[in-house]
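Below is one structure, written out as structure tokens; the observations come after it.
The values are calculated or read from the model by the stated rules, or taken from the named source; none is laboratory data. This is a predicted model, so every value here is computed, not measured. With ideal geometry, Cβ positions are generated from the backbone for all residues, glycine too; neighbour counts draw on all protein chains shown.
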Amino acid sequence: MALVRLLGNLTTNFLTFLGQVAILAWETLGSIACGRIRLRLVMQQIAEIGYRSQLVVIVTGAFTGAVFTAQAYFQFAALNMETAVGPVVALSMFRELGPTLTGVMVAGRVGAAMCAEIGTMKVSQQIDALRALAVNPVDYLVVPRAVAMFISMPFLVVECVGFGILASYYTGVQVLNIPGVYFLANIQKWTDSSDITMSLVKGFFFAGVIVFISCREGLGAKDGAVGVGRATTSTVVNCSLAILISNFFLTMALNIFFPAG
């Protein structure tokens, strides 16, 4: 009975959390559709989410591409397939590693900051003050962050993938002595616009996952500073798990519409 009760509580909590995130997403998208967007706040969030996240994303993409190239080369060299390293790395960066790693890094940097900021406003009753002034907290707090995230995330994914492929080329050609002509020719042969589209679609979806989970955790924070810290930790964990789990289902679905090659 204890096990049944535990499973029931976990299921109930999960469905409650999922419903709260869905309701917040619905309200936010409805506000965006109605044009209730504060451009000044959106620009501030673009600077915070997009501009200040570039270094983290670039470093992550570059070293992921470099180490993946080295590992692929060491395995393919035994089969005399060194020139296949380029397209393998490029396809992996476009279709999986680029958007997923960008999502996880942005969740750790931006999602935690969103939750902490909104959670602090919640426990200090600033959100109640907004309601008293007839200001919708979703319009004022969530909509600018959502719009900025949807705008910034695809560009961050492009940067991660681009620098990953550049680092892969440098590592493969300059360090491992793979012929540069064959390296680039095989990338051009085996990658096309469908790979780019799949990467951007995943980035756009992960943007929604990050912003809605982060804002929901912030709006639900309680019990003072301890509650804000707990909500921030929960945001990073939940966003990362949601990205990794949803990535599998996105990959299975998107490969129907954008098959490789």
Fill in: Only listed residue being over 23 Å from Asn255 (Cα atoms), touching a residue at least 12 places away in the same chain (Cβ under 8 Å), assigned to a helix (DSSP H, G or I) and in contact with a Gly (Cβ under 6 Å, 6 or more places away or on another chain), chosen from Phe163, Phe63
Phe163
Worksheet item: Has segment 68-88 got any residue that is of a type in the set (A, V, I, L, M, F, W, C), crowded, with 24+ Cβ neighbours inside 10 Å and farther than 19 Å from Val158 by Cα?
Response: yes
Worksheet item: Residues in segment 48-67 that are crowded, with 16+ Cβ neighbours inside 10 Å, within 30 Å of Gly220 (Cα to Cα) and in contact with an Asp or Glu (Cβ under 7 Å, 6 or more places away or on another chain): how many?
Response: 1
Discussion item. Within segment 215-230, does at least one residue satisfy the condition of being over 22 Å from Val143 (Cβ atoms), buried (at least 17 other Cβ atoms within 10 Å of the Cβ) and among the basic types (Lys, Arg)?
Written reply: no
Worksheet item: Out of (1) out of contact with any Cys (no Cβ under 6 Å at 6 or more places or on another chain); (2) surrounded by 13 or more Cβ atoms within 10 Å (Cβ to Cβ), what's the single condition that is false for Gly19?
Response: (2)
Item to complete: Please enumerate the residues belonging to segment 188-205 that are out of contact with any Leu (no Cβ under 9 Å at 6 or more places or on another chain) and under 18 Å from Ile243 (Cα atoms).
Response: Ser199, Leu200, Phe204
Worksheet entry | Any hit, segment 172-183, residues being of a type in the set (S, T, N, Q), within 26 Å of Thr69 (Cβ to Cβ), touching a Cys at 6+ places or on another chain (Cβ under 6 Å) and part of a helix (DSSP H, G or I) | no
Worksheet item: Given Ala116, Ala129, Ala112, Ala107, which one is under 14 Å from the mean Cα position of the chain (by Cα), surrounded by fewer than 24 Cβ atoms within 10 Å (Cβ to Cβ), assigned to a helix (DSSP H, G or I) and not hydroxyl-bearing (Ser, Thr, Tyr)?
Response: Ala112
Worksheet entry | Residue list for segment 184-211, filter: over 17 Å from Pro154 (Cα atoms) and part of a helix (DSSP H, G or I) | Leu184, Ala185, Asn186, Ile187, Gln188, Lys189, Trp190
Discussion item. I'm checking my understanding of the structure. Among residues of segment 149-187 that are small (Gly, Ala, Ser) and either buried (at least 16 other Cβ atoms within 10 Å of the Cβ) or under 16 Å from the mean Cα position of the chain (by Cα) (or both), which one is farthest from Ala84 (Cα to Cα)?
Written reply: Ser152
Discussion item. Between Tyr73, Tyr140, which is among the aromatic types (Phe, Trp, Tyr), closer than 21 Å to Ala22 by Cα and at pLDDT 90 or above?
Written reply: Tyr140
Practice prompt. Of the conditions (1) in contact with a helix residue (DSSP H, G or I) (Cβ under 6 Å, 6 or more places away or on another chain); (2) over 23 Å from Thr232 (Cα atoms), Val175 clears all except one; give me its number.
Written response: (1)
Discussion item. For segment 240-261, give me the residue count where each residue is at pLDDT 90 or above and either among the aromatic types (Phe, Trp, Tyr) or loosely packed, with under 12 Cβ neighbours inside 10 Å (or both).
Written reply: 5
Worksheet item: Just to be sure, is Thr102 crowded, with 23+ Cβ neighbours inside 10 Å, in a helix (DSSP H, G or I), touching a helix residue (DSSP H, G or I) at 6+ places or on another chain (Cβ under 9 Å) and β-branched (Val, Ile, Thr)?
Response: yes
Worksheet item: Within segment 39-47, is even one residue free of Cβ contacts under 8 Å to residues at least 24 places away in the same chain, surrounded by fewer than 17 Cβ atoms within 10 Å (Cβ to Cβ) and within 25 Å of Val104 (Cβ to Cβ)?
Response: yes
